Every structure is written in C-alpha cells, then in structure tokens.
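Shown next, in structure tokens, is the structure this report addresses.
The values are calculated or read from the model by the stated rules, or taken from the named source; none is laboratory data. In this text, all values refer to a predicted model and were calculated from it rather than measured experimentally. Methodologically, a virtual Cβ is constructed for each residue, glycine included, from the backbone with ideal geometry; neighbour enumeration extends over all protein chains shown.
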Amino acid sequence: MVIFQLGLFCFGLYMLFWVFLVYKKRIIFVNELIVWSLIWLFFLASILFPDLLEKITYRLGVVRVMDLIMVLSFVALWITSYKNYVDNQQIKKKFSDFVRQEAIKGSDKKTHRR
C-alpha cells in the first residue's frame with residue numbers, strides 16, 4: 001500500500017506543478033488556478049491522511065469512501081459539461097457576430113464600387 005500511495009503522491013505533485021505551468025503560460029486564469037490547486041491539494045491530503053476521508057464520509061452519512069469519490073466525480077463531470085456547453089455557446093455567438101460584421105463590411109465595399 002505504501003508504494004501505491006507514494007506513486008499517487010508523486011502523481012498529485014506532478015499535477016499540481018502542471019497546473020502552475022499552465023497558469024504561467026496564461027492558458028488558465030487565477031480563479032481556475034486556485035480551484036485546480038485546491039483539488040490537487042485535497043488529493044494529496046487524502047493520500048497522506050487516508051483516515052481523514054473516512055471521518056468525512058462518516059459525517060456525511062456515506063457508507064464508503066469510494067461512494068463519496070464517485071458522487072464528487074459525477075458532480076465535477078456535470079459542472080464541467082455545463083461549463084463547456086456555456087463556453088461553446090459563447091464562442092458560437094462571437095463567431096456569428098464576427099461573420100455578420102465581415103459580411104456587412106464586404107457588402108459595403110461592393111456597393112461603393114458601383
């Protein structure tokens with residue numbers, strides 16, 4: 001079990017470092033850096049102190065730690081899906097507005113030539 005925990009701990013450290021690198025490249029914003037850092041810090045804490053998760057699940061009334069992880073995973077999946085949908089709608093709107101603006105500019109140039 002210790003080798004497995006060590007591997008997971010190294011993975012968590014790598015992901016925390018990777019989140020910081022992505023932030024430095026200005027791919028994500030500060031609020032996203034904070035959220036992802038908290039997620040990976042919680043992951044690292046749960047690796048270092050596995051008994052802490054058992055206490056949390058007991059207080060929440062969840063039978064097993066794996067059940068809590070699955071519920072949190074589904075919640076994260078729904079939140080991510082919704083955020084992707086909203087972002088996609090915003091991109092579609094910006095693209096439509098851009099195409100409309102370019103079409104108007106193009107039609108103005110054609111009418112002035114006659």
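In the condition set (1) under 24 Å from Phe4 (Cβ atoms); (2) in a helix (DSSP H, G or I), Leu21 is compliant with all but (1). Ile28 satisfies every condition listed in (1) surrounded by fewer than 12 Cβ atoms within 10 Å (Cβ to Cβ); (2) not in a helix (DSSP H, G or I) except (1).
Would a scan of segment 83-90 turn up a residue that is outside the structural domain of Val2 (by TED's automatic domain parsing), of a type in the set (Val, Ile, Thr) and out of contact with any Leu (no Cβ under 9 Å at 6 or more places or on another chain)? Yes, that holds for at least one residue. Is at least one residue of segment 28-49 of a type in the set (D, E, K, R) and within 21 Å of the chain's Cα centre (by Cα)? Checked segment 28-49: at least one residue is of a type in the set (D, E, K, R) and within 21 Å of the chain's Cα centre (by Cα).
Note on segment 31-60: among residues that are out of contact with any helix residue (DSSP H, G or I) (no Cβ under 8 Å at 6 or more places or on another chain) and within 20 Å of Ala76 (Cβ to Cβ), the one that is surrounded by the fewest Cβ atoms within 10 Å (Cβ to Cβ) is Asn31.
Among the residues of segment 84-114, those identified as of a type in the set (D, E, K, R) and modelled with pLDDT of 90 or more are Asp87, Lys92, Lys93, Lys94, Asp97, Arg100, Glu102. Among the residues of segment 1-25, those identified as surrounded by 11 or more Cβ atoms within 10 Å (Cβ to Cβ) and more than 24 Å from Phe49 (Cβ to Cβ) are Val22, Tyr23.
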